[in-house]
Structure formats: structure tokens, C-alpha cells
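*Asks:* Below you will find the structure I want to go over with you.
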Amino acid sequence: MVEIGFYHLTRTKLAQALPDLLGRTLNAGERAVVRCPSPASVAALDAALWEAATPDWLPHGTAADGDAGLQPIWLAADDIVPNGARYLFLVDGAETARPGDFARVFDLFDGTDDAAVAAARQRWQAIRAAGIAPIYWRQGARGWEKAG
């Protein structure tokens, strides 16, 4: 069964938090798809990942780069998985119609944005209504803390 985690960004922005989670994904021997809400957000996140300080190398690609099957991390605005990823990262309110296709789903949302928090609550309720028990993670002083 899929594990769905909601990651409440309260101490950093997405561009600072996501590289660490993606680095852990690669260290676990997994591939990832990062689903963004628009092509513009794909381009912005692509640039941010190339500039990330830690980890110092996050091999990734987008449709503009091609060779999806070779990319351990794929950034996309559509609901596709061209690189065989088992981990899905949903950012900035992006959603998927197929959470069960993944081993893990990471739903990252901006805790300083009231609309983003409200939308995350709605997604949480929809996941629970589908019979899945989501896990809530929040940023603490030492990193991600599992809550509840």
C-alpha cells in the first residue's frame, strides 16, 4: 500500500527543503517524479535544483532535456512517470489521479500560505476518505518531525 506523507514547510521554502528529500531518495536507491502545477514552476524548480548547495549534485531532467528514462529525478507538470519512479513529490498544490502507482507520495506545502494550508487540508481529507492513513510531517529545529 502507498505511504502518503504531508510535509508542512514552516522553516524553509520548497527550494531549500526539496533537495534534501530528493537526495535521501537517491541514497535509498529510488527514482522520483516531482509533479509541479505548471510548466513555469517546472522551469523554476529545475533552476533551483541546479543551484542547490546540498546535496551538491541532483541529477534530474525535464521534458526540455529529454531522455526521461535516464533521469533519476524527473520534473513534470503532467501526470506521467516516464522514468520508472516509485516516489512521487507533489509541490505547490499539484495532484495526481494515481497515488497507488507509487510506494511513497510526498505532498509538500507552504505553511506560511493560508490558501496552501487550506488546500492541503482538503487533500488530506480526500486521502483519508479513500481509506488511506496519511502521515503528517512538520519542519522542526532538527529537521523533519513526524507528528500525530
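Any read-out appearing in this document is the output of simple, stated calculations on the displayed coordinates, not a laboratory observation. What you see is a predicted model; the values in this text were computed from it and never measured. For neighbour counting, all protein chains shown are included, and Cβ atoms are generated from backbone atoms with ideal geometry for every residue, glycine included.
*Asks:* If R0 is 25 Å, what FRET efficiency do you get for residue 117 and residue 1 from their C-beta distance, rounded to 0.05?
*Replies:* FRET efficiency, residue 117 to residue 1: 0.45.
*Asks:* Only Cα pairs under 8 Å and at least 6 apart count here; give the relative contact order of the chain as a rounded whole percent.
*Replies:* 34
*Asks:* Using the per-residue mean of other Cβ atoms lying within 10 Å as a proxy for protection, in what order, highest first, do the peptides 83-92, 106-115 fall?
*Replies:* 83-92, 106-115
*Asks:* Ok, one more. Calculate, for residue 54 and residue 147, the FRET efficiency according to 1/(1 + (r/R0)^6) with r their C-beta to C-beta distance and R0 22 Å; round to the nearest 0.05.
*Replies:* Working from the Cβ atoms, E equals 0.35.
*Asks:* Charges at C-beta only: +1 for Lys and Arg, -1 for Asp and Glu. How large is the resulting dipole of the chain about its Cα centre, in Debye rounded to 20?
*Replies:* My answer is approximately 600 debye.
*Asks:* Using helices alone, I'd like the mean residue ellipticity at 222 nm for the chain: each DSSP H run of four-plus residues gives -39500 (n - 2.57), total over residue count, nearest 500.
*Replies:* When only DSSP H runs of four or more count, the value is -9500 deg cm²/dmol.
*Asks:* Please work out how much length the chain gains when fully extended from residue 97 to residue 78, using 0.36 nm per residue of separation minus the C-alpha to C-alpha distance, in nm with one decimal.
*Replies:* Gain in length upon complete extension: 5.8 nm.
*Asks:* What FRET efficiency comes out for the pair residue 38/residue 139, r = Cβ-Cβ distance, R0 = 30 Å, nearest 0.05?
*Replies:* Here the calculated transfer efficiency is 0.75.
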